[in-house]
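Trainee: Have a look at this one before I ask anything.
The values are calculated or read from the model by the stated rules, or taken from the named source; none is laboratory data. Because the structure is predicted, anything quoted here is derived from the model rather than measured. Don't worry about glycine lacking a Cβ; one is built from the backbone with ideal geometry, like all the others, and counts go over all protein chains shown. Side chains included, ligands, DNA and RNA excluded: accessible areas come from the protein's heavy atoms. Shrake-Rupley method; radii C 1.70, N 1.55, O 1.52, S 1.80 Å.
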Amino acid sequence: MTHRTNNTYTFMALTLVCSLLVWALGTGPASAELTIRITEGADSAIPVAVVPFAENGGIPAGDKINSIVQDDLAMSGEFRTLSPEKMLSLPSKRSEVYYRDWRLLGQRYVLVGQLSRNGDRVEARYELLDVNREERILGESAAVSVGNMRTLAHHISDKVYEAITGVPGAFSTKLAYVTLDTAKGEPRYRLQVSDVDGKRARVRLESKEPILSPAWSPDGKKLAYVSFETGKPAIYIHELGSGNRTKVADFRGLNSAPAWSRDGRSLLLTLSKDGNAEIYRMDIQSRNLKRLTNHWSIDTEGVWDHSGEGIFFTSDRSGGPQIYHKSSETAEPRRITFGSRYNARPRPDSQGDYVYYVHQRNGGFHIARTDLSNGEETVLTRTASDESPSLAPNGRMLIYATKHSGTSVLTVISADGGAAYSLPATEGDVREPAWSPVIR
Amino acid sequence: MKLSVHQKAFAMVLSLGLVAGCSSTGETMGEDEYGSDVSAVDQDGGSTVYGGSDGSGVSASDLTEEELRAREERAEQEAMRNITTFYFDFDTAEIKAEAREVLVAHARFLENNPNQRVRLEGHADERGTKEYNLALGERRANAVERFLIVNGASRAQMETVSYGEEKPAVMGSSESAWAQNRRVELVFE
Amino acid sequence: MTGQERDVTNIGQQPWKSPVALSLLLHGLIVVVALAGWSWTTPESEPEPRSIAARLVTQQEPEPSPVVEEVDEPDRDEERKKEQQEQKRRQEAERKAAEEEKAREEARRIQQEKERKRQEEAAARERAEQKAREEEAARQKAEAEAKERARQKAEEEKRRQEEAKRRAEEERRKAEEERRKREEAERQKREEQARREAEQKRKEAERRLKEQQLEALAEEASREREAEARRQQEAAAAKAREARMMSESEKYQALIRERLSQAWYPPSSATEEMTARLQITLLPTGELQSVKLINGSGNTAFDNSAISAVKSLNRYPIPDDRDTFERYFRQFTIEFNPRRLK
């Protein structure tokens, strides 16, 4: 034992000496060398060239992969794309790429690819090249059925986005929203689900009474929403695959603001059955309710925080609507927003860093966010009638409804308030957007 | 007698205090407090409001004194009952002074016609969030409902529903549109 | 008033401990001072208080004797006058008596004269007889005396000659001795001189040696000082050059920083905790020779964004001065660490 201990000591001493030597040798020349620190990056979006994919016959006509990818990347606010007319060449594989040309055009990345038909499937082989490093950072082949070219394009967008930013893309997710069409006299409310770019929209519910507050289940397969179809508000759970609907809350007074728990087993609801608007947790299976707020003021718009333990909600207990946080179901609410008299409908990110909400300032309603680490508030939008913020599952994009020449439209911004991207208008008003989680 | 004079004086001071309290503090909050928790106070407060809204300041004995006058009043009230929409300020559920007389007429009518049912539809303007506006519309409908109950209507005759900002009376994003959309509508069935 | 103030201040300076004592003392002093002050205030003509005090003190002891003398002076004069008159009278009487005495003396003298003449005649006869006897004796005596004198004279002469001889001998011996002494002294003097000279020489030599050594030391020191000065000068020059290079380097660092900031697109996954360290090597033309990722951030997209930024610059801004380039920009490190994310 003693012998071993001695050996250990010797070894430790040797290690110490060695490490000191290494340290001395290592720091000596390095400390003498000049170090330049770069703490700020370019303010502008990253230039990316999406070259039209080469097509080897049998590819269905319609929107081209490159333009869908281009739009996706532009929508994120983090990229600016080069229009194909300005490209000096249209390579479709790495060996055809002259990096110097792209560097001359100020491009950082080039996406090249080709499509080929294989039976009823279309295969894409594509590569993402780093112009400065002259390296391929992504190379893949993916196939879809002929009718799902858009799925393929969004998939490529996701991959490109992740390769460059290190964050998974959210272009293959879905949007749920409500349109109101009053063109034919009687109002038509339609609950729709579409791609993130608003394309491939499908109506899931149509009613002449209002439909509100669509909320995605965590698996992206169900929607909970408020429908007035019986003349008064009730909460339904709608299975998108089968179209089956279940009315889960139809109490006297308010039945509103459904929000799913992360495990998908319970809903937060706003009910006024006990007097005025309070937030309850409903176990979906048993329909058991637990009241989470108890105040004479309005308490509504409850949503779970990133931990799944606490909730954010809106309350006007201070006189006007403000965002509050309860760190657990029983904790005392803590007020989060102080920046103005009206802050409502909280939407926290999945990291616990920020909470986004509707914020009134100078008479206009904007989307703002508060940094939960320091309470710092940032107003993200400049439009004046902004509502219903909803975050993409990667936390990088945010969609909200706003008014554009009297009509409600949807707009996507980057979550830090970067460039805005308006979704193509459909007929009538578009409101209540809800960004789906990653659909498995 | 001596005692009752004292009582009266005390009551007057008290009621003055109540009135002062009602008009000087935020009534939005006041109504909520009354409505949700303390109905007895609600009725006292309502009575005070009723006395005030009658306008004449004379006691109830006038009614029995002159039938002609009562008939005239009834006609007036019927005319008033044509008004079924009541407006609110932004983010409040405070019943405006000019609405009270009309609402009293409605309350009396409901009191006199126990089988009559009415649906109170609360609305908000488009500003703010939809869910919060739903709650706000409900708060407005509830405020009207309480007022009617206090003035003779029965809770069983009434049903409230809030549409929030979903069913604007007037389209548009102007101050006047918003003002016309912040309302409670009485729908008699 | 001045006196009072001064005294009060003096009291104040006394270091009394007991308040009672102090109080008593104070009261006492105040009384004393008041009294003193009172008495002192009266003589306006009095000069400086300090001299007052002095005079007061010194006149405490009186000198009575001069006072008595002064008072009795006129009485003494009168007495003297009376005495003088008395003396005069006495002198007159004395003079008369003296004259009478003188006449009596004259008579006595004439009688004595007659006596003396008769005695003289008897004596003269006596003397002649005596003379004759004495003359005979004298003649005999003179003869003896002459003989004696001649013998004595011869003896004297002989003694004198011997004396002279002895003295000459003595003188000769003395001279000899003197000479010898002189010679000895001279010798000693010479020897001393020689010794002194030798000593001086030795000392001189020693001094010279010491001086030489000191000189050498001083020379050394001066050489060292010069060298030091030279070194310092060189260091200062080097420092100045360094500073020039440094400021030059800083200028180009700022330029490079700016260019890279514009060229860097931090990915959205970047956080303020991420740092990518790259070592870059430039050609003297400012072109990138190589880039090496020393420390990655752990985020590939972040690291790639940094490398891509470094590689996107066609030519780095570098100083014209080759030394500065070699020192700072031949090879250096760039650290990408976002501080202010969008």
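Trainee: Among the listed residues A:139, A:166, identify the single one that is on the phi > 0 side of the Ramachandran plot and either among the small types (Gly, Ala, Ser) or in contact with a Leu (Cβ under 8 Å, 6 or more places away or on another chain) (or both). First the steps, then the outcome.
Mentor: Details: A:139 fails: on the phi > 0 side of the Ramachandran plot.
Step by step, each of A:139, A:166 is checked, and only A:166 is on the phi > 0 side of the Ramachandran plot and either among the small types (Gly, Ala, Ser) or in contact with a Leu (Cβ under 8 Å, 6 or more places away or on another chain) (or both).
Trainee: Follow-up question, since we're still on this one. Would you confirm whether any residue within region A:140-150 is hydrophobic (A, V, I, L, M, F, W, C), within 24 Å of the chain's Cα centre (by Cα) and not in a strand (DSSP E or B)?
Mentor: Within region A:140-150 (the criterion being hydrophobic (A, V, I, L, M, F, W, C), within 24 Å of the chain's Cα centre (by Cα) and not in a strand (DSSP E or B)), the answer is yes, since at least one residue qualifies.
Trainee: Hey, any hits in region C:274-294 for a residue that's away from chain A (no Cβ under 13 Å), surrounded by fewer than 15 Cβ atoms within 10 Å (Cβ to Cβ), assigned to a loop (DSSP other than H, G, I, E, B) and in contact with a strand residue (DSSP E or B) (Cβ under 7 Å, 6 or more places away or on another chain)?
Mentor: Going through region C:274-294, the residues away from chain A (no Cβ under 13 Å) turn out to be C:283-287, C:289.
Now restrict to residues that are surrounded by fewer than 15 Cβ atoms within 10 Å (Cβ to Cβ): C:283-285, C:287, C:289.
Retained after the next criterion (residues that are assigned to a loop (DSSP other than H, G, I, E, B)): C:283-285, C:287.
Add one more test, that the residue is in contact with a strand residue (DSSP E or B) (Cβ under 7 Å, 6 or more places away or on another chain), and what stays is C:283.
Yes, that holds for at least one residue.
Trainee: Another question, if that's okay. Condition test on residue A:42, is it under 15 Å from residue A:149 (Cβ atoms), free of Cβ contacts under 8 Å to residues at least 24 places away in the same chain and outside any helix (DSSP H, G or I)?
Mentor: Working: under 15 Å from residue A:149 (Cβ atoms): no; free of Cβ contacts under 8 Å to residues at least 24 places away in the same chain: yes; outside any helix (DSSP H, G or I): yes.
It is false that residue A:42 is under 15 Å from residue A:149 (Cβ atoms), free of Cβ contacts under 8 Å to residues at least 24 places away in the same chain and outside any helix (DSSP H, G or I).
Trainee: Go through A:299, A:353 for me and flag whichever is within 14 Å of another protein chain (Cβ to nearest Cβ), buried (at least 23 other Cβ atoms within 10 Å of the Cβ) and not β-branched (Val, Ile, Thr). Walk me through it before giving the result.
Mentor: On the way: A:353 fails: buried (at least 23 other Cβ atoms within 10 Å of the Cβ).
A:299 is the lone residue from the list that is within 14 Å of another protein chain (Cβ to nearest Cβ), buried (at least 23 other Cβ atoms within 10 Å of the Cβ) and not β-branched (Val, Ile, Thr).
Trainee: Then there is this: Tell me, yes or no, whether region B:81-90 has at least one residue that is under 19 Å from the mean Cα position of the chain (by Cα) and free of Cβ contacts under 8 Å to residues at least 24 places away in the same chain.
Mentor: Within region B:81-90, one or more residues are under 19 Å from the mean Cα position of the chain (by Cα) and free of Cβ contacts under 8 Å to residues at least 24 places away in the same chain.
Trainee: Assess whether residue A:41 counts as being within 25 Å of residue A:134 (Cα to Cα), at pLDDT below 85 and not aromatic (Phe, Trp, Tyr).
Mentor: So residue A:41 passes the test.
Trainee: Then there is this: What's the number of the condition residue A:325 fails, among (1) over 20 Å from residue A:211 (Cα atoms); (2) not in a strand (DSSP E or B)?
Mentor: (2)
Trainee: Scan region C:328-339 for residues that are at pLDDT below 90 and in contact with a helix residue (DSSP H, G or I) (Cβ under 6 Å, 6 or more places away or on another chain) and jot them down.
Mentor: C:328
Trainee: Follow-up. Specify the residue that is surrounded by the fewest Cβ atoms within 10 Å (Cβ to Cβ); the eligible residues are those in region A:375-392 that are touching a residue at least 40 places away in the same chain (Cβ under 8 Å) and within 14 Å of chain C (Cβ to nearest Cβ).
Mentor: Going through the qualifying residues, I end up with A:391.
Trainee: Related question: Looking at the structure I just gave you, is residue B:86 out of contact with any Cys (no Cβ under 7 Å at 6 or more places or on another chain), buried (at least 19 other Cβ atoms within 10 Å of the Cβ) and either part of a helix (DSSP H, G or I) or of a type outside the set (Gly, Ala, Ser) (or both)? Give the derivation first.
Mentor: On the way: out of contact with any Cys (no Cβ under 7 Å at 6 or more places or on another chain): yes; buried (at least 19 other Cβ atoms within 10 Å of the Cβ): yes; either part of a helix (DSSP H, G or I) or of a type outside the set (Gly, Ala, Ser) (or both): yes.
Answer is yes for this residue.
Trainee: Within region A:82-92, does at least one residue satisfy the condition of being within 14 Å of chain C (Cβ to nearest Cβ) and surrounded by 15 or more Cβ atoms within 10 Å (Cβ to Cβ)?
Mentor: no
Trainee: Which of the following residues is within 14 Å of chain B (Cβ to nearest Cβ) and of a type in the set (A, V, I, L, M, F, W, C): A:413, A:367, A:399, A:336?
Mentor: Values: A:413 fails: within 14 Å of chain B (Cβ to nearest Cβ); A:399 fails: within 14 Å of chain B (Cβ to nearest Cβ); A:336 fails: within 14 Å of chain B (Cβ to nearest Cβ).
A:367 is the lone residue from the list that is within 14 Å of chain B (Cβ to nearest Cβ) and of a type in the set (A, V, I, L, M, F, W, C).
Trainee: Among the residues of region A:336-349, is there at least one that is of a type in the set (S, T, N, Q) and surrounded by 19 or more Cβ atoms within 10 Å (Cβ to Cβ)?
Mentor: The initial filter retains those residues of region A:336-349 that are of a type in the set (S, T, N, Q), namely A:337, A:340, A:343.
Of the ones still in play, those that are also surrounded by 19 or more Cβ atoms within 10 Å (Cβ to Cβ) are A:337, A:343.
The answer is yes, given that some residue of region A:336-349 is of a type in the set (S, T, N, Q) and surrounded by 19 or more Cβ atoms within 10 Å (Cβ to Cβ).
Trainee: Right, next: Just checking, how many residues over region C:243-282 are free of Cβ contacts under 8 Å to residues at least 24 places away in the same chain and closer than 18 Å to residue A:46 by Cβ?
Mentor: 3
Trainee: Still on this structure, I have one more. Give the residue that is modelled with the lowest pLDDT, with candidates limited to residues of region A:274-296 that are within 14 Å of chain B (Cβ to nearest Cβ) and part of a loop (DSSP other than H, G, I, E, B).
Mentor: A:275
Trainee: Could you list, in sequence order, the residues of region B:79-123 that are small (Gly, Ala, Ser) and at pLDDT below 95?
Mentor: Across region B:79-123, the qualifying residues are B:79, B:93, B:97, B:99, B:105, B:107.
Trainee: Out of A:372, A:423, I need the residue that is at pLDDT 90 or above, under 24 Å from residue A:167 (Cα atoms) and either open to solvent by 20 Å² or more (accessible area, probe 1.4 Å) or not assigned by TED's automatic domain parsing to the domain that holds residue A:73 (or both). Which one? Even if it seems obvious, please write down each step before you answer.
Mentor: On the way: A:423 fails: at pLDDT 90 or above.
After applying the criteria, what remains is A:372.
Trainee: Now, a different point. Please verify whether region A:147-154 includes one or more residues that are farther than 17 Å from residue A:70 by Cα and touching a strand residue (DSSP E or B) at 6+ places or on another chain (Cβ under 6 Å).
Mentor: At the first step, the residues of region A:147-154 found to be farther than 17 Å from residue A:70 by Cα are A:147-148.
Keeping just the survivors that are touching a strand residue (DSSP E or B) at 6+ places or on another chain (Cβ under 6 Å) gives none.
For region A:147-154, residues farther than 17 Å from residue A:70 by Cα and touching a strand residue (DSSP E or B) at 6+ places or on another chain (Cβ under 6 Å): absent.
Trainee: Name every residue in region A:229-256 that is open to solvent by less than 30 Å² (accessible area, probe 1.4 Å) and farther than 19 Å from residue A:286 by Cβ, in order of residue number. Before you say what the answer is, go through the steps one by one.
Mentor: To start, the set of residues in region A:229-256 that are open to solvent by less than 30 Å² (accessible area, probe 1.4 Å) comprises A:231, A:233-238, A:240, A:248-249, A:253-256.
Scanning region A:229-256 gives A:231, A:233, A:238, A:240, A:253, A:254, A:256.
Trainee: Regarding region A:98-121, can at least one residue be identified that is touching a strand residue (DSSP E or B) at 6+ places or on another chain (Cβ under 6 Å), part of a strand (DSSP E or B), of a type in the set (D, E, K, R) and at negative phi?
Mentor: yes
Trainee: Restricting the search to region B:105-143, which residues are open to solvent by less than 10 Å² (accessible area, probe 1.4 Å), away from chain A (no Cβ under 14 Å) and in a helix (DSSP H, G or I)?
Mentor: The answer is B:105, B:106, B:107, B:110.
Trainee: Being part of a loop (DSSP other than H, G, I, E, B) and open to solvent by less than 10 Å² (accessible area, probe 1.4 Å) is the filter here, so list the residues in region C:299-324 that pass it. Steps first, answer last, please.
Mentor: Our first condition is that a residue be part of a loop (DSSP other than H, G, I, E, B); within region C:299-324, this holds for C:299, C:313-321.
Within region C:299-324, C:316, C:319 qualify.
Trainee: Quick check on region A:193-213. Is at least one of its residues open to solvent by 40 Å² or more (accessible area, probe 1.4 Å), of a type in the set (Asp, Glu) and assigned by TED's automatic domain parsing to the domain that holds residue A:234?
Mentor: In the first step, residues of region A:193-213 are kept if they are open to solvent by 40 Å² or more (accessible area, probe 1.4 Å); the result is A:199-204, A:206, A:208.
With of a type in the set (Asp, Glu) added as a condition, the list becomes A:206.
Pick out the ones that are also assigned by TED's automatic domain parsing to the domain that holds residue A:234 and you get A:206.
Within region A:193-213 (the criterion being open to solvent by 40 Å² or more (accessible area, probe 1.4 Å), of a type in the set (Asp, Glu) and assigned by TED's automatic domain parsing to the domain that holds residue A:234), the answer is yes, since at least one residue qualifies.
Trainee: Name the one entry in A:284, A:311 that is surrounded by 22 or more Cβ atoms within 10 Å (Cβ to Cβ) and not hydroxyl-bearing (Ser, Thr, Tyr). It would help to see each step written out before you state the result.
Mentor: Values: A:284 fails: surrounded by 22 or more Cβ atoms within 10 Å (Cβ to Cβ).
Answer to the selection: A:311.
Trainee: Could you check residue A:111 against (1) at pLDDT below 95; (2) open to solvent by less than 30 Å² (accessible area, probe 1.4 Å) and say which number it fails?
Mentor: In the conditions (1) at pLDDT below 95; (2) open to solvent by less than 30 Å² (accessible area, probe 1.4 Å), residue A:111 misses (1) alone.
Trainee: Follow-up question, since we're still on this one. Which one of the conditions (1) open to solvent by 30 Å² or more (accessible area, probe 1.4 Å); (2) within 8 Å of another protein chain (Cβ to nearest Cβ); (3) among the small types (Gly, Ala, Ser) does residue C:263 fail to meet, given that it meets all the rest?
Mentor: (1)
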